[in-house]
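Let me begin by presenting the structure, written as structure tokens, before commenting on it.
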Amino acid sequence: DTAVSQTPKYLVTQMGNDKSIKCEQNLGHDTMYWYKQDSKKFLKIMFSYNNKELIINETVPNRFSPKSPDKAHLNLHINSLELGDSAVYFCASSQTGAEKLFFGSGTQLSVL
Amino acid sequence: SQQGEEDPQALSIQEGENATMNCSYKTSINNLQWYRQNSGRGLVHLILIRSNEREKHSGRLRVTLDTSKKSSSLLITASRAADTASYFCATGGVNQAGTALIFGKGTTLSVSS
């Protein structure tokens with residue numbers, strides 16, 4: 001069983017479209033995250049949720065809206081996609097705070 | 001904000017050689033972790049060292065931490081082709097509530113047979 005799974009793996013779309021990425025973890029963790037990895041492999045925290053509550057919201061455009069329906073799921077919705085949004089988005093989870101993270105396999109988003 | 005800086009950015013070695021990667025960080029930490037990322041995959045946790053520890057081993061991995069210099073090193077001994085990957089250090093803040101790991105830029109390791 002995959003511990004942290006995210007879908008889709010690849011997402012190719014046009015500028016201006018709205019898209020969603022879904023993430024689920026079956027590890028029973030309390031905290032989930034979205035990270036963005038750019039073309040230079042730099043990994044930057046975007047959001048963190050603990051028990052469905054938003055606890056970290058870095059300086060991310062408000063076109064990005066995370067939603068956590070329950071503590072096992074954290075989805076990312078992106079409105080009005082821009083070229084600069086092209087990146088790999090990783091979902092991750094951990095049991096508490098900034099301890100060991102378990103990552104999903106990533107969603108490669110390409111905005112044309 | 002970026003915390004860790006890995007050095008070197010890229011490293012190429014032969015199988016059987018040792019690989020050493022360094023990480024420097026800026027603020028006080030609770031722990032420092034190393035992760036591996038194979039091409040096209042997610043990051044995998046390798047080892048965690050706490051701020052009150054100086055050295056830790058796991059199989060062929062050896063991690064050191066010098067909090068006075070705000071630096072850490074990862075040593076992979078007797079490297080194998082399968083160790084080819086990017087390696088990232090990540091720091092956990094002192095106040096763990098409401099914080100997330102901050103990652104460095106990574107070292108790309110190539111091990112040739």
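The values are calculated or read from the model by the stated rules, or taken from the named source; none is laboratory data. Model, not experiment: these values are computed from the prediction. Methodologically, a virtual Cβ is constructed for each residue, glycine included, from the backbone with ideal geometry; neighbour enumeration extends over all protein chains shown. The accessibility values were calculated without ligands, DNA or RNA, using every heavy atom of the protein model including side chains. Shrake-Rupley method; radii C 1.70, N 1.55, O 1.52, S 1.80 Å.
Annotation note: Cβ proximity below 6 Å between a residue of the stretch A:36-49 that is at the interface with another protein chain (Cβ under 7 Å from one of its Cβ atoms) and hydroxyl-bearing (Ser, Thr, Tyr) and a residue that is assigned to a loop (DSSP other than H, G, I, E, B) and crowded, with 19+ Cβ neighbours inside 10 Å (sequence gap 6+ or interchain) occurs for A:Ser48/B:Ala100.
Check whether at least one residue in the stretch B:87-101 is of a type outside the set (Val, Ile, Thr) and farther than 22 Å from A:Ser48 by Cβ, and report yes or no. Give the derivation first.
First, pick out the residues of the stretch B:87-101 that are of a type outside the set (Val, Ile, Thr): B:87-90, B:92-93, B:95-98, B:100-101.
In the following step, the residues that additionally are farther than 22 Å from A:Ser48 by Cβ were identified as B:87.
Checked the stretch B:87-101: at least one residue is of a type outside the set (Val, Ile, Thr) and farther than 22 Å from A:Ser48 by Cβ.
Scanning the stretch A:73-106 for residues that are hydroxyl-bearing (Ser, Thr, Tyr), at pLDDT 95 or above and open to solvent by 10 Å² or more (accessible area, probe 1.4 Å) gives A:Ser80, A:Ser86, A:Ser105.
Please list, ordered by residue number, the strands (runs of 3 or more DSSP E) wholly in the stretch B:1-103 having 2 or more residues that are open to solvent by less than 20 Å² (accessible area, probe 1.4 Å) and more than 13 Å from every other protein chain (Cβ to nearest Cβ). Break it down stepwise before answering.
On the way: elements: B:5-7, B:10-14, B:19-24, B:29-37, B:43-50, B:55-58, B:61-66, B:71-76, B:85-93.
Once the strands (runs of 3 or more DSSP E) in the stretch B:1-103 are filtered for at least 2 residues that are open to solvent by less than 20 Å² (accessible area, probe 1.4 Å) and more than 13 Å from every other protein chain (Cβ to nearest Cβ), what remains is B:19-24, B:61-66, B:71-76.
Which is closer than 18 Å to A:Phe102 by Cα and of a type in the set (D, E, K, R), of B:Arg54, B:Arg36? From the options B:Arg54, B:Arg36, the qualifying one is B:Arg36.
Would you mind listing the strands (runs of 3 or more DSSP E) fully within chain A where at least 3 residues are under 12 Å from the mean Cα position of the chain (by Cα)? Give the derivation first.
Working: elements: A:4-7, A:10-13, A:19-25, A:31-37, A:43-50, A:53-57, A:64-70, A:73-78, A:87-94, A:107-111.
Ranges flagged: A:4-7, A:19-25, A:31-37, A:43-50, A:64-70, A:73-78, A:87-94, A:107-111.
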